[in-house]
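What follows is a short report on a single structure.
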Amino acid sequence: MSGVSLAVAPRSEPDHETTSSSTKPQQIKERNPQQQAVGVMGSLRVIELQLVAFIMVFSASGLVPLLDLIFPALASAYLLLLSRFAFPSLGRSSTSQEIFQGTKFFRLYMVAGTTVGLFLPLAYVLGGFARGDEHAVHSATPHLFLLSFQILTENIISGLSLFSPPVRALVPLLYTVRRIFVLIDWIKHVWINKTLPANAQFKDVAWYWFGKGLAVANLVYFSVNLFGFLIPQFLPRAFEKYFRDRNEVHTKLAEDKQSQAMNRAKHTDKKAD
């Protein structure tokens, strides 16, 4: 839960402790929708507002191809269809929706991915603007646009119980698959299409190889992330959690129906006597 939701959430007063236990469940049910709405608003932290700003700037700059511009809309529509027809939410609280509990090494791995995939490409694009290197800006902007949309979508979906674990796991999977092709184009631009003049200065040579190395590092990292983590580990755990929870829900419903049937049978026997 975010700091905003903690700050705005209703606080218990001393006189509430004297209320009867029968009124507490009703109060909890009445507060839950408000707390969920506050949690959604609280999830829009400063970094996410910055991502929205990046998305708007990239969209209006004309640096992102049309296919990459419409990809987030197509992916979001597909995820909504999946959440409605294929993998509907089981109504579990958001506190029990954690799919993967990472170790300290995994957290370092994610920090490295954020640095390589977001911060360094952003610095590369800003440096390209400062140096007047339109080639660098055009080659890295589509990747940044898709990654910003991915992070924003993941953060919004993670705060909503409307989406089940398989749907939430498919968000990074879909975006990473698309960005692999974008990164291949980035490598083609910086390794094949871009050349250095014969009298290039040291800073130009360093910038040239920084762009090449950054493109390769992103392709390597996200390829490993896709084929070494998302597909073999993250996605199976999401499906395992979803079907386990669904079986528990169905078992509980069957037990409740059986209990109700037994109670009705006993009530009928008492009337017959």
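The values are calculated or read from the model by the stated rules, or taken from the named source; none is laboratory data. All values reported here derive from a predicted model rather than from experimental measurement. Cβ coordinates were reconstructed from backbone atoms using ideal geometry, including for glycine residues, and neighbour counts include every protein chain displayed. Keep in mind that these areas ignore ligands, DNA and RNA; they rest on the heavy atoms of the full protein, side chains included. Shrake-Rupley method; radii C 1.70, N 1.55, O 1.52, S 1.80 Å.
To the nearest 10 Å², what's E240's accessible area with a 1.4 Å probe?
110 Å²
What list of whole percents do you get for P(r) of segment 60-199, with Cα-Cα distances grouped in 5 Å bins up to the one holding the largest distance?
Whole-percent P(r) values from 0 Å outward: 2, 8, 16, 19, 17, 14, 11, 7, 4, 2, 1, 0, 0.
Take peptides 248-259, 168-179 and line them up by average Cβ neighbours within 10 Å, highest first, as a rough protection proxy.
168-179, 248-259
Residues of segment 207-235 with amide nitrogen under 20 Å from the 7 Å Cα-to-Cβ point of T103?
Residues 224-235 fall inside that zone.
Given the C-alpha atoms of segment 150-241, compute the convex hull and give its volume per residue in Å³.
Hull volume normalised by residue count: 94 Å³.
Quick one: accessible area per residue over segment 85-181, 1.4 Å probe, rounded to a whole number of Å²?
Here the residues of segment 85-181 average 46 Å² of exposed surface.
Under 30 Å between C-alpha atoms is the cut-off here; go through segment 118-273 and count lysine pairs that meet it, provided they're at least eight residues apart or on different chains.
Within segment 118-273, the lysine pair count is 13.
Roughly speaking, to the nearest percent, how much of segment 148-239's 1.4 Å accessible area is carbon and sulfur?
70 percent
Using heavy-atom solvent-accessible surface (probe 1.4 Å) with all chains present, what is the largest-first order of F100, F181?
These residues rank, largest area first, as F181, F100.
So how do I99, I184 rank on accessible area, 1.4 Å probe, biggest first, that is with the largest at the start?
I184, I99
Give the ranking of H138, H189 by solvent-accessible surface, highest area first, calculated with a 1.4 Å probe.
Most to least solvent-accessible, the answer reads H138, H189.
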